[in-house]
Amino acid sequence: MKTFVCIKRVPDTSEAEVKVDATGKDVDSSKFSFDINDADNYAVEEAVLIKEAKGGTVQVICMGPADADVMIRMALAKGGDSAMRIDDPRINARDPLQSAKALAAAIKGQEFDLVLTGCMSNDDGNMSTGVALAEELGIPHAAMVKKVEVEDGKIKAHRELEGGVIEVVEVTLPAVVTIQTGINEPRYAPIRGIRQAQKKELKVLKIEDLNLSEEEVGAAGSLIEMKEFYIPEVVSTAEIIEGEPEEKAEIMATKLVKGGLL
Amino acid sequence: MGDVFVLAEHRQGALREVSQEMLTKASALAAELGGSTVAVLLGSGVDSFAETLAGYSDKVLYVDDPLFADYNSEKYQKVLVELINQYKPELFMIGHTTQGVDLAPALAVEMKMPFIADVFDVQVADGKLQPIRQYYQGKVNANFAFKGEAPYLITFREASLEAAEPSKEGQIEKIDSPLKEDIEYRRFVEYLEAEVGDVDITQSEILIAVGRGVKEDKNMAMIEELAAAINADLCGSRAATDAGWLPHDRQVGTSGKTVKPKLYIAIGISGAFQHIAGIKGSKTIVAINRDPDAPIFTVADFAIVDDLFKVVPKMAEKLKELRG
Ligand SMILES: Cc1cc2nc3c(=O)[nH]c(=O)nc-3n(C[C@H](O)[C@H](O)[C@H](O)COP(=O)(O)OP(=O)(O)OC[C@H]3O[C@@H](n4cnc5c(N)ncnc54)[C@H](O)[C@@H]3O)c2cc1C
Ligand SMILES: Nc1ncnc2c1ncn2[C@@H]1O[C@H](COP(=O)(O)O)[C@@H](O)[C@H]1O
């Protein structure tokens, strides 16, 4: 099995204050810490598990800045064979269809059986890039997958639906599968792997290398336009419990018991 | 022009609520655009769904064919391409559901349609559609405009609004399937029902829910202590069940369970929309999170903005004391 796995570098904004920057169309990311997108971490593990079971290769693709190299090397340390990083600010990476076009261009013309992506990026959350990528490549797909069974020339993909119901579909290869979190237990990169990863190939590509023009993947070629970013007004009717942590705990406990909430 | 089409969604013999929600939004938009609403239904033996949908839309266009007994993105895509080319709606809405996200992006690419995913609201400004979506897990909103020509495509977030009561008597039109043969490269195999565990959290009166903020498995002891003090059952966010701190059947949210306890205490949960969708039926929600901007606070009745590791043990202690 020759597998490509797409990984995105995303900020951890779960506890960070997010502020819109001066352009009004982006956020100030200077204080964020970044890492591999959650679902992509599972996708890397799945690709490596398939390679361990069936043989073959795992090639990592990331579209992002040079800072993403650390995260790419980690994926290589876990069992990736080589990597490509698309680094070109002319690509409108906020439009998932443009991202898909660029990722597809990096894959086209090469031999492969499977492309894995995450099912959702934590920052943009379009849940669209993988399925768009499949269409760009002209191959079938299965989205939101929590189990992959590799068979001869095809896979059985277990799609996780609302309520945890599983829809099993059979898809012929080559195909794109978007991976849902929880599909496996992502490993830690072994020390030896980390050392070896430094020697593995990591190609950096611009749109010219992908035979794409700025009209195709740039903001001008995008069929949607982001007008403005803004911080939504948080409408909370919650009663805010004030005080030192211990006081808050006591006040809340008392409310639960005396307020008949239990 | 100005027509708004909605792809009705159904699974395992039931129409899904997102269909009515989208038609409710579509009716408001069509009124502003001066068009009408059309529900598109693909299925097999779905006359009754067509009748239900007619209560929400001006017209129901439906294909009733054994080829559509079960959802298959590839077959749906082929039919929708035909229908969109034929009817040229202004806007085509598909649910931002596990079905919709498996279909819409490919349809958009094939038809070169302007496409925006996970839209939770659409406004009309100067006669133009303005979809709104979120970034950074709900911390930022963005207003969008479509460029280029209609038809435009969006996936619309589930439970963004409440469906109206049925008030229309739409015309029902059955059409021949534009797809004549089955396809080989993607095949539906079967449905597998979700696992059942020892405790059915959908029936629990008191629930304590944990999220990634709890950090490590070993911290669950502290949570269990709190749970013991008030006889609560434990559940969690997807992050918590993925990490293995709780079994999968304890996951709350769209891909887990929908719960309706008297009391729901969310500890270290940010409140992603997929999680919040599963807890809206709770009578009282207490949220403990040190990020004041965490979306969980938008649905909470009581907010404790603080470090859970300082709050939870003390809360357990006080509860034990109060309850003797
Ligand atoms: C198709 C799909 C379906 C999904 N279905 C579900 C679902 O059913 N249920 C679900 O829950 N999710 C679901 N998700 C995932 C969802 O998008 C979120 O990723 C997930 O809910 C996040 O879990 P969390 O809140 O525990 O973690 P995070 O979002 O990482 O939040 C952790 C929170 O803990 C707080 N915190 C950290 N440390 C402390 C501390 N010491 N004291 C106090 N607070 C602290 C942080 O401020 C943060 O708000 C789904 C995703 C997809 C793509
Ligand atoms: N810039 C990128 N580089 C590599 N992969 C990406 C990029 N953007 C999106 N993806 C992949 O597409 C998936 C879904 O992203 P999204 O459609 O934004 O939710 C992610 O989990 C990644 O696997």
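If you go through region B:172-195 one residue at a time, do you hit one that is surrounded by 15 or more Cβ atoms within 10 Å (Cβ to Cβ), within 16 Å of ligand 2 (Cβ to nearest atom), over 18 Å from B:Ala69 (Cα atoms) and within 14 Å of chain A (Cβ to nearest Cβ)? For region B:172-195, residues surrounded by 15 or more Cβ atoms within 10 Å (Cβ to Cβ), within 16 Å of ligand 2 (Cβ to nearest atom), over 18 Å from B:Ala69 (Cα atoms) and within 14 Å of chain A (Cβ to nearest Cβ): absent. Note on region A:170-182: residues that are at the interface with chain B (Cβ under 9 Å from one of its Cβ atoms) and either away from ligand 1 (no atom under 16 Å from the Cβ) or charged (D, E, K, R) (or both) amount to 4. Of the strands (runs of 3 or more DSSP E) lying entirely inside region B:198-283, those containing at least 3 residues that are touching a Cys at 6+ places or on another chain (Cβ under 9 Å) and not small (Gly, Ala, Ser) span B:206-210. Residue check: is A:Ile224 surrounded by 14 or more Cβ atoms within 10 Å (Cβ to Cβ), under 33 Å from the mean Cα position of the chain (by Cα) and of a type outside the set (Asp, Glu)? Judged against the criteria, A:Ile224 is a match. Can you find a residue in region A:183-200 that is touching a strand residue (DSSP E or B) at 6+ places or on another chain (Cβ under 7 Å) and away from ligand 1 (no atom under 16 Å from the Cβ)? Yes, the conditions are met somewhere in region A:183-200. Among residues of region A:52-66 that are touching a residue at least 40 places away in the same chain (Cβ under 8 Å) and under 23 Å from A:Gly130 (Cα atoms), none has a beta-carbon under 8 Å from a residue that is among the polar types (S, T, N, Q) and within 16 Å of ligand 1 (Cβ to nearest atom) at least six positions away or on a different chain. If only residues of region A:143-160 that are more than 7 Å from chain B (Cβ to nearest Cβ) and within 16 Å of ligand 1 (Cβ to nearest atom) are counted, the one that is surrounded by the most Cβ atoms within 10 Å (Cβ to Cβ) is A:Val145. Candidates A:Glu201, A:Glu151, A:Glu233, A:Glu160: the one that is modelled with pLDDT of 95 or more, within 30 Å of B:Lys139 (Cβ to Cβ) and of a type in the set (Asp, Glu) is A:Glu160. Applying a threshold of 8 Å to beta carbon distances and a minimum spacing of six or more residues, or different chains, the list of pairs starting in region A:231-251 at a residue that is assigned to a helix (DSSP H, G or I) and ending at one that is of a type in the set (Gly, Ala, Ser) reads A:Ile251/A:Gly243. Residues in region A:7-45 that are among the basic types (Lys, Arg) and either under 22 Å from A:Thr181 (Cβ atoms) or more than 10 Å from chain B (Cβ to nearest Cβ) (or both): A:Lys8, A:Arg9, A:Lys31. Which one is surrounded by the most Cβ atoms within 10 Å (Cβ to Cβ) among residues in region B:221-234 that are within 23 Å of B:Lys260 (Cα to Cα) and either of a type in the set (A, V, I, L, M) or modelled with pLDDT under 95 (or both)? It comes out as B:Ile223.
Residue count for region A:44-57 satisfying the condition of being touching a helix residue (DSSP H, G or I) at 6+ places or on another chain (Cβ under 9 Å) and away from ligand 2 (no atom under 14 Å from the Cβ): 3. Number of residues in region A:1-27 that are over 30 Å from A:Leu137 (Cβ atoms), in contact with a strand residue (DSSP E or B) (Cβ under 9 Å, 6 or more places away or on another chain) and within 16 Å of ligand 1 (Cβ to nearest atom): the value is 3. Quick check, is A:Gly164 within 10 Å of ligand 2 (Cβ to nearest atom) and either crowded, with 21+ Cβ neighbours inside 10 Å or more than 12 Å from the chain's Cα centre (by Cα) (or both)? No, not satisfied.
Within region B:243-288, the set of residues being hydroxyl-bearing (Ser, Thr, Tyr) and in contact with a Pro (Cβ under 7 Å, 6 or more places away or on another chain) comprises B:Ser270, B:Ser282. In the set (1) without any contact (Cβ under 8 Å) to a residue 24 or more places away in the chain; (2) crowded, with 21+ Cβ neighbours inside 10 Å; (3) among the basic types (Lys, Arg), A:Lys101 fails one condition alone, (1). Somewhere in region A:127-137, is a residue within 8 Å of chain B (Cβ to nearest Cβ) and surrounded by fewer than 24 Cβ atoms within 10 Å (Cβ to Cβ)? Checked against the condition, which is being within 8 Å of chain B (Cβ to nearest Cβ) and surrounded by fewer than 24 Cβ atoms within 10 Å (Cβ to Cβ), region A:127-137 yields at least one hit. Here region A:73-122 is the region considered, the condition is being among the β-branched types (Val, Ile, Thr) and near ligand 2 (Cβ under 10 Å from one of its atoms), and the residue that is nearest to the other protein chains (Cβ to nearest Cβ) is A:Thr117. Looking only at residues in region B:260-304 that are β-branched (Val, Ile, Thr), within 7 Å of chain A (Cβ to nearest Cβ) and surrounded by fewer than 24 Cβ atoms within 10 Å (Cβ to Cβ), the one that is farthest from ligand 1 (Cβ to nearest atom) is B:Thr284.
Of all residues assigned to region A:112-124, at least one qualifies as being away from ligand 1 (no atom under 16 Å from the Cβ), under 17 Å from the mean Cα position of the chain (by Cα) and not acidic (Asp, Glu). Taken together, B:Pro131, B:Pro89, B:Pro114, B:Pro151 contain a single residue that is within 8 Å of chain A (Cβ to nearest Cβ) and buried (at least 18 other Cβ atoms within 10 Å of the Cβ), which is B:Pro114.
The values are calculated or read from the model by the stated rules, or taken from the named source; none is laboratory data. Just so we're clear, the structure is a prediction, and the values are computed from it rather than from any experiment. All Cβ positions, glycine included, derive from the backbone under ideal geometry; neighbour counts span all protein chains shown.
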